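Undergrad: Mind having a look at this structure? Questions to follow.
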Amino acid sequence: MSRRPYIRPVQRSTWWLAQPRYIRYMAREVTSAFLCAYSLLIIVGLVRLAQGPLAYDAFLAAVYSTSGQVFSLLTLIFAIYHTYTWFQVTPKAMPIRKGGKLIAGSIIVGAHWFVFLIASVIILYLVGM
Amino acid sequence: MKIIETDVAIIGAGGAGLRAAISVAESDPQLKVALISKVYPMRSHTVAAEGGAAGVIKDEDSFENHFHDTVAGGDWLSDQDAVELFIHEAPRELTLMEHWGCPWSRKPDGRVAVRPFGGMKIERTWYAADKTGFHLLHTLFQTSLKFPSIKRYDEYFSTDIVVVDGKCCGFTAIEMRSGEVTYFKAKSVIIATGGAGRVFPFTTNGAIKTGDGMAMAYRAGVALKDMEFVQYHPTGLPGTGILITEGSRGEGGLLVNKDGYRYLQDYNLGPPDPWPRKKAMELGPRDRLSQAFWHEQQKGRTIKTADGDVVHLDLRHLGEAKIDERLPMVRELAKSYVGVDPVYDPIPVRPVIHYTMGGIDTNIDAATNIPGLYAAGECSCVSINGANRLGSNSLTELLVFGARAGSGAAEFAKARQGAINESAAKQEAEKTEKRLAALFAKEKATESIPGLRKEMNDTMESGAGIYRTEDSLQATCTKMSEIRKRSANIGLQDKSKVFNTDMAEALELDAMIDVACAMANSALQRKESRGSHQRLDFEARDDKKYLKHSLAHYSPDGNPKVDYRDVTITSSQPAERVYGGAQE
Amino acid sequence: MSRDTVQLEILRYDPEKDSEPYFSTYEVPFNDDWVVLDAINYVKENLDRTLTYRWSCHMAVCGSCGMVINGEPVLSCHTFMRDYGDKIRIEPLQNFPVERDLVVVIDDFVEKLGSVKPYIVPKVEKTVDEGEYIQSPAQLAVFKQYTACINCLLCYSACPQVGLNPGFVGPAALALAHRYNLDSRDVGRAAREDVVASNPGIWECSFVGACSEVCPKSVDPAAAIQQTKIASTVDYFTDFLTPWRKQ
Amino acid sequence: MARSNKPIVWGLFAAGGTLSAFIFPAVVFVIGFGVTLGFYSPDVFSYERMQALAANPLGKLCLFAPTFLIIWHAAHRLRITAHDFGIRADGLVAALCYGSAAVGTVAMIYALFIA
Ligand SMILES: Cc1cc2nc3c(=O)[nH]c(=O)nc-3n(C[C@H](O)[C@H](O)[C@H](O)COP(=O)(O)OP(=O)(O)OC[C@H]3O[C@@H](n4cnc5c(N)ncnc54)[C@H](O)[C@@H]3O)c2cc1C
Ligand code: SF4
Ligand code: F3S
Ligand code: FES
């Protein structure tokens, strides 16, 4: 048999360095690490809250410490990137038709950002109330 | 040698081959079907067809209309019994395609829409935007996956029909990936290998359209019928030969010369109405339009470009919305390959070799003169297209006669008496192996494959193009038989067994030379002008002598013997072909 | 910039001679109107008869000439030399075994394509004499885009999950399943779910989106897959909450 | 082939992803910088105020539901990301990711509803 198809090896852990679009993808996926860590932080805060004022204040101090602030900043950046990527793909996942015609993706994405703004303002306002 | 045994074997998995396979599978699920193709089915050139497929559907249309358009369009060289059968089956086959999922374009009420096409009296061309062939092919391919009895052999290059005691006993093919010669032992065989446009240098046809099946049948003893009739399509893109569909004229596109003048009115195709008038001007038949170009060129009224002379196809007045809805592919192709956006500028176009009306001689049941051997699609000639095919008849043809070939071959396989004499058949099949071994073994090749192919292309264009003369054809015939001889001296530079395309090109060249010889010789001997066959030395149609099919019989020296058979006429006596305002 | 020649670096592999692939360089004339396939054909006709690749239509519709050019999967008949520099690097499609030179083995894909039952399962059987099924232009528009796939496999080459998970049914096949699921004439969705909604089906896709970025026919398989995920998830929960409805 | 059970985790992933896209930047801003940037007075996050919020049934829900969805969103995506980084022990990774999310969920239930 003269056939001998050659199978090129796949770089299992570094494949994503090959192309900018893969790097962008991995950046999006890595947002989950920050979302995860920050949700854990919130949960820790809730547990601390349940444990009493001393525990809770120590927790707050940690959040306001320099490393806590750096962590929050990083998370904020990745959270916004998550929002950006998530909105960007919604027209694909949930296309909307009206009268047989597709509604332009940019309109759907724009509407999402609009809701995002309103939601953010409400949250900021409610917390301060 | 590997032997694969089956009931029905089909060579070619384009529209015709796939339709035939499904037809066999539906007629009897017990029959084993082998579907062989030198490329994956969805690569077959049916994929390139853009415009549409003809079938009577509108209330104001009638079978008589379709019959008459086809017969007159074919300059009365069509067999009228075949045309009758064809037009009646056409809407049924197209409806069947709809049932199988073909995304035909629709009218607002949800019924199938039709568009006008060249040489047709009423709109009857079903279309799926401007990707009709693509959708037909993929629908057929995907539907074929439903049938477990259809076993595909993709990328097998078929080379020779095996005939024992005058009966077809299968064929040989080379598995491209291993280089192994395989004998397909079959009770009946259908050839559906498509056309042979690649015989010419400037063509809309893909690289695979090299007439292999025609040559196989021809060498096995089936005549090639009406090979002198080769269609030029009036609107190909200069340089690449990419087709701009007739649908673009059906939608209202205009052809103008270098002065912006709609020159077709000078060739009995007027009046130049601003709207698309059926069977007139831009909607005249292809042969007339291509010939008009030639005359304009003689008069110096075409536009000179680096890729030869062109005229302009103007779609601008249709507007962006209509172009995008009906002709998206035209816009895309023009933008990419000639850098012209038809919304803003006219598209440069010129006539280009498009279709082989002639082919493997079959009867109305798609059967050849060799028992057990059938043919359908562009490789065959049942004679519905006569001397000039009407646009959108061939996609329908490959469905109608593909289906017919399938049921005929199925019946034949079931009724076939007596086992195939395997040792005799194997002996025949081994000839292919030997021929191939000799090709591989040749050390000193004095001819190159691309070189010889180019010489063939050039002589076919110069001698057997839009207009022909005794001298030009004689020169081409002489040149072709010289090329036939010299082809014995080609060899392979690639000696690998695996996916050897050098070998495939050698075999394709071999087939094309046979086909070209049949074309040139048949043309030389037809001393009249009819449809796409136009002779400057015999300008009139001569029904007395040539209301006949030409039949070219194989001869190894490249000079086939050509004889004739009467055309079947049922209800339409030959008359003058009139287009334009004069028709009414 | 005007140039006379361009260098093509083409990946070569002949299983009968080579233990592994290597690059060969060819110098070809530069031509403003040429697509890369024209340059490759030039090599085959004039420089090296052993160069092996697939092509047919030269008009971006048969899907046979997919290659990786300068790292990006493209149709070589629809990619212009004028858009590249003086060196063009040409490799076979990623994620497929290399049969020889630029020809890859696609059996596995063809198998997967068939596995999603890509044909109409009719709602009501109609005979030909009863005419066509009625389908409004709006109903057609819902799935039209997903019928445009030419099986060129650029998406399989671009999708990292195809490379990392050989069992993955992959973008084009899943988009085709979606095409039939959305067709108003079809009721085969439940039957397709066996493959489509299995682990190697839609769930192997992590929405990289590369498939849609490289698709020459704007099929947008990424969208098809995400929509299928949503529909399958809804199905799953409906089946779970209303077990009596299951046949 | 068998139908996958992934819709369970994917459903949570999708819901959490959507919710977090809308609210998480604001939430992180509020928690991380609301006070330090002087946007709010420090007592906005005082023990008493938070305690009151956590005691209110509606407040419980507002704290629990989003956090629950987001942590499950993140857990599912992390599992896939681990695979993308070449870690092939998918069973173990899944157990770790979903396990942590489950632990977090239980901790929240404990903090909000039991303690
Ligand atoms: C650009 C273009 C546009 C067109 N537009 C229209 C239109 O709008 N309307 C219309 O009616 N017609 C149109 N036509 C004509 C029509 O498309 C063709 O006549 C028709 O598709 C031919 O189909 P087929 O099945 O006979 O052959 P093909 O589709 O060419 O298939 C041939 C098959 O045979 C196989 N094959 C060939 N040789 C071998 C071998 N040696 N061994 C094994 N297998 C082999 C190939 O692999 C392939 O599968 C158009 C043609 C072109 C080129
Ligand atoms: S989806 Fe697009 S990229 Fe993928 S095979 Fe189809 S046409 Fe090619
Ligand atoms: S690139 Fe691959 S992971 Fe999904 S969105 Fe496309 S199939
Ligand atoms: S050659 Fe057909 S797609 Fe490129």
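Undergrad: I need the semi-axes of the equivalent ellipsoid of chain C: take the C-alpha gyration tensor, multiply each eigenvalue by 5, square-root it, list largest first in whole angstrom. Mind dumping the intermediate values first?
TA: Numbers: eigenvalues 326, 80, 48 Å².
The answer is 40, 20, 16 Å, longest axis first.
Undergrad: Please compute the Kirkwood hydrodynamic radius of chain A from all pairs of different C-alpha atoms, in Å with one decimal.
TA: Details: mean 1/r = 0.0529 Å⁻¹.
Taking the inverse mean of 1/r over all distinct Cα pairs, chain A comes out at 18.9 Å.
Undergrad: Next up: Report, to two decimal places, the Cα Rg of the stretch B:395-442 normalised by 2.2 N^0.38 Å (N = number of residues).
TA: My calculation over the Cα atoms of the stretch B:395-442 gives 1.81.
Undergrad: Quick check: from the Cα gyration tensor, does the stretch B:315-462 come out rounded (a/c under 1.5), prolate or oblate?
TA: Numbers: a/c = 2.95, a/b = 1.50, b/c = 1.96.
Oblate, since a/c reaches 1.5 and b/c is not below a/b.
Undergrad: Report D for the protein assembly as shown in µm² per second (integer): Stokes-Einstein, Kirkwood Rh on Cα pairs, 25 °C, 0.890 mPa s.
TA: On the way: Rh = 31.6 Å.
The Stokes-Einstein estimate is 78 µm²/s.
Undergrad: I've got another one for you. Which far-off residues, 5 or more places away or on another chain, put their amide H under 5 Å from the one on B:E180, with H placed in the peptide plane?
TA: So B:E180 has HN proximity to B:E175.
Undergrad: Collect residues whose amide H, placed 1.01 Å from N in the peptide plane, falls under 5 Å from the amide H of B:R541; neighbours closer than 5 in sequence don't count.
TA: Excluding prolines and chain starts, which carry no amide H, the hits are B:S529.
Undergrad: Per residue of the stretch C:18-35, in order, report the coupling 6.51 cos²θ - 1.76 cosθ + 1.60 (Karplus, θ = phi - 60°) as ³J(HN,Hα) in whole Hz, putting x for Gly and Pro.
TA: 9, 7, 8, x, 8, 9, 10, 10, 10, 9, 10, x, 8, 9, 4, 8, 6, 8
Undergrad: Residue by residue, what Karplus-based ³J(HN,Hα) values in Hz, rounded to whole numbers, does the stretch A:6-21 have, using 6.51, -1.76 and 1.60 with θ = phi - 60° and x for Gly and Pro?
TA: For the stretch A:6-21, the Karplus curve yields 8, 9, 6, x, 9, 7, 4, 10, 10, 3, 6, 7, 6, 9, x, 5 Hz.
Undergrad: Still on this structure: What Kirkwood hydrodynamic radius do you get for the stretch C:5-104 when you take the inverse of the mean 1/r over all pairs of distinct Cα atoms, in Å?
TA: Values: mean 1/r = 0.0743 Å⁻¹.
13.5 Å is the Kirkwood radius here.
Undergrad: Determine the percent antiparallel among the DSSP beta bridges restricted to the protein assembly as shown, to the nearest 5. Please list the in-between numbers first.
TA: Values: 67 of 98 bridges.
Expressed as a percentage, antiparallel bridges in the protein assembly as shown total about 70.
Undergrad: Find out how many positive minus negative residues lie around C:F207, taking Lys and Arg as positive, Asp and Glu as negative, among other residues whose Cβ is under 14 Å from that of C:F207.
TA: Values: positive: A:R21, A:R24, A:R28, A:K92, C:K229, D:K6, D:R77; negative: A:E29, C:E204, C:E213, C:D220, D:D84.
Charge balance near C:F207 sits at +2.
Undergrad: Could you list which residues have their amide H under 5 Å from that of B:Y153, counting only those 5 or more apart in sequence or on another chain, with H placed in the peptide plane?
TA: When sequence neighbours closer than 5 places are left aside, the close amide H contacts are B:L35, B:I36, B:S37.
Undergrad: May I have the convex hull volume per residue, in Å³, for the Cα set of the stretch C:107-246?
TA: Details: hull volume 17.3 nm³, N = 140.
Value for the stretch C:107-246: 124 Å³ per residue.
Undergrad: I'd like the Karplus ³J(HN,Hα) series for the stretch A:37-42: coefficients 6.51, -1.76, 1.60, θ = phi - 60°, whole numbers in Hz, and an x wherever there's a Gly or Pro.
TA: Result, rounded to whole Hz: 4, 6, 5, 4, 4, 4.
Undergrad: Still on this structure: If you build the Cα gyration tensor of the stretch B:285-348 and take the root of 5 times each eigenvalue, what three semi-axes come out, in whole angstrom, biggest first?
TA: Working: eigenvalues 118, 38, 20 Å².
In descending order, the three semi-axes are 24, 14, 10 Å.
Undergrad: Follow-up. What average count of beta carbons from other chains do you get within 10 Å of the Cβ of residues in A:7-15? Intermediate values should be presented prior to the final figure.
TA: Values: counts 6, 13, 1, 9, 4, 8, 5, 2, 7.
The shielding value for this peptide is 6.
Undergrad: What translational D, rounded to a whole number of µm²/s, comes out for chain B from Stokes-Einstein when the hydrodynamic radius is the Kirkwood one over Cα pairs, at 37 °C and 0.692 mPa s?
TA: Values: Rh = 23.8 Å.
D = 138 µm²/s.
Undergrad: Here's something else I'd like to know. Please report the Cα spread of the stretch B:235-351 along all three principal axes, rounded to whole Å, starting with the longest.
TA: 33, 32, 22
Undergrad: Show me, bin by bin at 5 Å from 0, the whole-percent P(r) of the stretch B:34-77 based on Cα pairs.
TA: 5, 16, 14, 14, 13, 13, 15, 8, 1
Undergrad: Turning to a different aspect of this structure: If one computes the Cα centroid of the stretch B:521-560 and of the stretch B:306-335, what distance in Å separates the two points?
TA: The stretch B:521-560 and the stretch B:306-335 have Cα centres separated by 36 Å.
Undergrad: If you don't mind, there's one more thing I want to ask. Among C:15-21, D:105-111, B:326-332, how do they line up from the highest to the lowest mean number of other beta-carbon atoms within 10 Å? Kindly include the intermediate steps, with their values, before the conclusion.
TA: Working: C:15-21: 12.7, D:105-111: 16.7, B:326-332: 20.4.
Ranking, from highest mean packing down: B:326-332, D:105-111, C:15-21.
Undergrad: Return P(r) of the stretch D:1-82 (all Cα-Cα pairs; 10 Å bins starting at 0; whole %; ordered from short to long distances).
TA: 16, 35, 30, 14, 4, 1
Undergrad: Beyond a 29 Å Cα-Cα separation, which of these cross-linked pairs lie in this structure: A:K92/B:K322; B:K304/B:K561; B:K304/C:K217? Don't skip to the answer; put the middle values down first.
TA: Working: A:K92/B:K322 26 Å; B:K304/B:K561 41 Å; B:K304/C:K217 33 Å.
Checking Cα-Cα distances, B:K304/B:K561; B:K304/C:K217 exceed 29 Å.
Undergrad: Quick check on the stretch B:395-483: what are the equivalent-ellipsoid semi-axes from the Cα gyration tensor, as sqrt(5λ), descending, whole Å?
TA: On the way: eigenvalues 277, 149, 28 Å².
For the stretch B:395-483, the semi-axes come out at 37, 27, 12 Å.
Every number in this text was worked out from the coordinates using simple rules, so none of it is lab data. This is a predicted model, so every value here is computed, not measured. With ideal geometry, Cβ positions are generated from the backbone for all residues, glycine too; neighbour counts draw on all protein chains shown.
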